[in-house]
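The values are calculated or read from the model by the stated rules, or taken from the named source; none is laboratory data. In this text the structure is predicted, and so the values were computed from the model without any measurement. Ideal geometry is used to build each Cβ from the backbone, glycine not excepted, and the neighbour counts take in all protein chains shown.
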Amino acid sequence: MSTVPARLKAPSVARRLLIALMAIAALLSGLLYVAVRASSNEVAESTHDGLLAASAEAIAEGLQADDGALVVDIPYGALAMLGAVSDDSVFYRVIADGDTLTGYAELLPPEQAPNPAETVFYSSVHQGQPVRVAALSRRVAIDGRTVPAEVLVAQTRYGQEAIVSAAARRAALIGIGAFALAGVLCAYAVRRAFAPLRRVAGSVERRGPADLRPLREPLPRELEPLGNALDRFMARLDATLERTETLIAEAAHHVRTPLAIVRTRAETAMRRSEDPEMRRTMRELVRAVDASARSADQLLEHAMVGHRSERMALERLDIGRLTDEVVERFRPLAEMRDVEFDCRIERGLDVTGDRVQLETALRNLIDNAVKYSPAETRIDVTTTRRAGDAVVHIRDRGRGLGGESPLDLSQRYIRGSNVDDVVGSGLGLAIVEQVVNAHDGQVVLSPAEDRGTSVELSLPAA
Amino acid sequence: MRFLLIEDNIELAQSVVERLSLDGHVVEHAADLAAADAFLMSEQFDLLLLDIQLPDGDGRHFLARQRRASIETPVIVLTARSAVADRVSLLDAGADDYITKPVDFAELGARCRAVLRRHGHGADVLTLGDLVVDTECATVSIGSCQTTLRNRELRVLHVLARSPGRVYSKSQLHDRVFGVLESVSDNAIEVYVGRVRKAIAASASVRIETVRGVGYRLIRLDSAA
């Protein structure tokens, strides 16, 4: 398996979106905080102003003429009402005709005298403390003249500031709460929006190595170009693999004809000669030709199996029957050397697999068994069911594994140390392993009791 | 046996014809399907050797035509294609068996015998006096006593019994019994001849004689030639 080269990673789209949404949420929450705070400040201030105004009015009601002069009788409630709200200090001043009638003389009047109809509010400083002042003016009729009078009522702002701070805290909590809620909702919304993407990615990843069919997942519009490109790519790959297989088959043909000519002529020369030297030479020639043919054979088979595992044609087949067919194929060869097959095939043992690959694997195993069996020995072939698996067992009475570890033997081109006189290229077991891996199965080689080799091929039963 | 070899590569065809002739077979050669059709219209053959890739058509179509015309001559396909997928379809198309090039002639012989046996033409019973050799059943009967022989033992006996009186050297016997690449010891033939002698010891009609320095031959002990 080739590893995918490390790719430069662009930031996650989902994350970018989420960060952007969170930034917006933060901004809005901030604005919400500012708005709530400003609004509560305004409400608090106008409430306070209203109280101050009411107090000033009450005092103004007490303005009257007495003996040609303006006097004021301040009702108790006028100042008491201000004390009800907070412990802030209250100051007042009543000005008649420019002179302070009563109250705190240093209390600063407004810059512009208010109209009789309206009350003005302003902030000032009195005795070093910030105060809020309400001021109104009245004209009182005394002895035929109207005397202008002003009433100022002031209160320190500590209570007010406490209210403002409380309101600010509340606003902050609202802002944070809003941000948190927005955050959660945004994260959820982003997740949901990207769900189709994750589904498609998951479905592509779950594809087997064999699967070159077009995508079946519904694609969001934004992914359509990508999906189409992927489908086209897979179609091209499929076509390439098919062409490669054809090429492989043609290569086989071209290689074998000249080899066949050489071999036939060598066999003929050997037949015609009594000379041991010549006979030995011809035999070596034939051996060399067979080795070449076999190498080419297995290389091509290896490549073919490799390609086929990218495009397996799965079907349900009876592994016992397939084994039987392969054994039948090798019977004439075995018979030549009086090697017998003892077959115990369980019928109806189905597996799901690629017929061509499985047949190739079985051929390689049985070919090995026949090749390495001495004359007049027996090869046992059984197919059975074992714990959810279909197991094919082949046992020969040949020379065994020669001390090599079975693992080594299934590496390409490594052959046992005891088989130099038998023609083989060493690819056979590697091919079997490849097929077995593609089918989720297992192949185990071990020395058989007494002598020979035991091969166990297990595949998941269908 | 009469073979028809259908193969487009002339050099290969010549080498195959030559090799098979050494075994005493008669081999006709057709270089393409048209020539093959011509042969089949006028002559009978015991077996067809068919190269599946021919210049004027796919051997499979030729096969299908033969089968449709109910021509039952057994066919062994010579194929260079190694893919299992290709081989499977050959049998479906009507071939009796196939063998890959380069051809091992011992294997070809074994497959021919098996195919002919399946077609019921395998019966090759040799009778020499009281000895009856049945190659299909691999038995030797002397009178009422029957023994089964192993494949190689049978081959040794068959070669000698087919041409009584003819001497075969050890090499010649070796070539007719073992494949070219079989790893057999030098005295393997001696061993097998010994076994065959034991099997036919009870016969009053034949004996296997050692011709010192030359080889072996089967001789008739009774008056018949």
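Listed values, structure above:
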{"item": "Test: residue in the stretch B:87-104 that is more than 29 Å from A:Arg378 (Cβ to Cβ), surrounded by fewer than 18 Cβ atoms within 10 Å (Cβ to Cβ) and either aromatic (Phe, Trp, Tyr) or within 14 Å of chain A (Cβ to nearest Cβ) (or both)", "result": "yes"}
{"item": "Within the stretch A:91-107, considering residues that are among the β-branched types (Val, Ile, Thr) and surrounded by 21 or more Cβ atoms within 10 Å (Cβ to Cβ), the one farthest from the chain's Cα centre (by Cα)", "result": "A:Ile95"}
{"item": "From B:Asp134, B:Asp130, residue being in contact with a Gly (Cβ under 8 Å, 6 or more places away or on another chain), closer than 26 Å to B:Arg220 by Cβ and away from every other protein chain (no Cβ under 14 Å)", "result": "B:Asp130"}
{"item": "Flag if B:Gly165 is within 24 Å of the chain's Cα centre (by Cα), on the phi > 0 side of the Ramachandran plot and modelled with pLDDT of 90 or more", "result": "yes"}
{"item": "Search result, residues across the stretch B:175-201 that are under 17 Å from the mean Cα position of the chain (by Cα) and farther than 23 Å from B:Leu128 by Cα", "result": "B:Asp175, B:Phe178, B:Gly179, B:Val180"}
{"item": "Among the candidates A:Arg216, A:Arg221, residue that is surrounded by fewer than 11 Cβ atoms within 10 Å (Cβ to Cβ), touching a residue at least 12 places away in the same chain (Cβ under 8 Å) and more than 19 Å from the chain's Cα centre (by Cα)", "result": "A:Arg216"}
{"item": "All positions within the stretch A:260-290 that are facing another protein chain (nearest Cβ under 7 Å) and without any contact (Cβ under 8 Å) to a residue 12 or more places away in the chain", "result": "A:Ala260, A:Ile261, A:Thr264, A:Arg265, A:Thr268, A:Arg271, A:Glu274, A:Arg279"}
{"item": "Total residues in the stretch A:5-56, condition of a type in the set (S, T, N, Q) and surrounded by fewer than 16 Cβ atoms within 10 Å (Cβ to Cβ)", "result": "4"}
{"item": "Strands (runs of 3 or more DSSP E) wholly inside the stretch A:291-386 that include at least 1 residues being among the hydroxyl-bearing types (Ser, Thr, Tyr), touching a residue at least 12 places away in the same chain (Cβ under 8 Å) and more than 13 Å from every other protein chain (Cβ to nearest Cβ)", "result": "A:350-354, A:378-386"}
{"item": "Matching residues, the stretch A:81-100, being of a type outside the set (Ser, Thr, Tyr) and touching a helix residue (DSSP H, G or I) at 6+ places or on another chain (Cβ under 9 Å)", "result": "A:Met81, A:Leu82, A:Ala84, A:Val85, A:Asp87, A:Asp88, A:Val90, A:Val94"}
{"item": "Candidates A:Val327, A:Val289 - the one that is within 19 Å of A:Val435 (Cβ to Cβ) and β-branched (Val, Ile, Thr)", "result": "A:Val327"}
